[in-house]
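Notes follow once the structure below has been shown.
The values are calculated or read from the model by the stated rules, or taken from the named source; none is laboratory data. Treat the numbers as computed from the prediction; the structure is a model and nothing was measured. Ideal geometry is used to build each Cβ from the backbone, glycine not excepted, and the neighbour counts take in all protein chains shown.
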Amino acid sequence: MATIQQQKIRIRLKGFDRRLLDTSCDKIVDTAQRTDANAVGPIPLPTKRKVYCVLRSPHVNKDSREHFETRTHRRIIDIYQPSSKTIDALMKLDLPAGVDIEVKL
């Protein structure tokens, strides 16, 4: 059977601040829907948690330690049937500096 290949844009977002990431996702979905494209998402992916253990004292007291952690939140948005207007609008979209964006066509 011959299947029609559907055009799709997959956008992956990463960030340390969950609220900033969610507002960026809302902007992307809103922009895609305004240009008559079908947006699916944001789909939350598992949060990566990295814990760093640091000695409190520079010299002695090995038992006294402090833990710091970073949490990396991730989201995926799929945009189906994008037009050239959709791609232009997404390129002109101004997103915050704390969000890492990866786009696949």
Practice prompt. Kindly provide the set of residues from segment 56-82 that are touching a strand residue (DSSP E or B) at 6+ places or on another chain (Cβ under 6 Å) and either without any contact (Cβ under 8 Å) to a residue 24 or more places away in the chain or surrounded by fewer than 10 Cβ atoms within 10 Å (Cβ to Cβ) (or both), ordered by number.
Written response: R56, R65, E66, H67, F68, E69
Worksheet item: How many of the residues making up segment 83-105 are among the polar types (S, T, N, Q) and in contact with a strand residue (DSSP E or B) (Cβ under 8 Å, 6 or more places away or on another chain)?
Response: 1
Discussion item. Take the conditions crowded, with 16+ Cβ neighbours inside 10 Å and either at pLDDT 90 or above or polar (S, T, N, Q) (or both) and apply them to I11. Does it pass?
Written reply: yes
Worksheet entry | Any strands (runs of 3 or more DSSP E) falling wholly within segment 1-94 and containing at least 1 residues that are more than 22 Å from L105 (Cα to Cα), among the polar types (S, T, N, Q) and within 23 Å of the chain's Cα centre (by Cα) | 38-55, 65-80
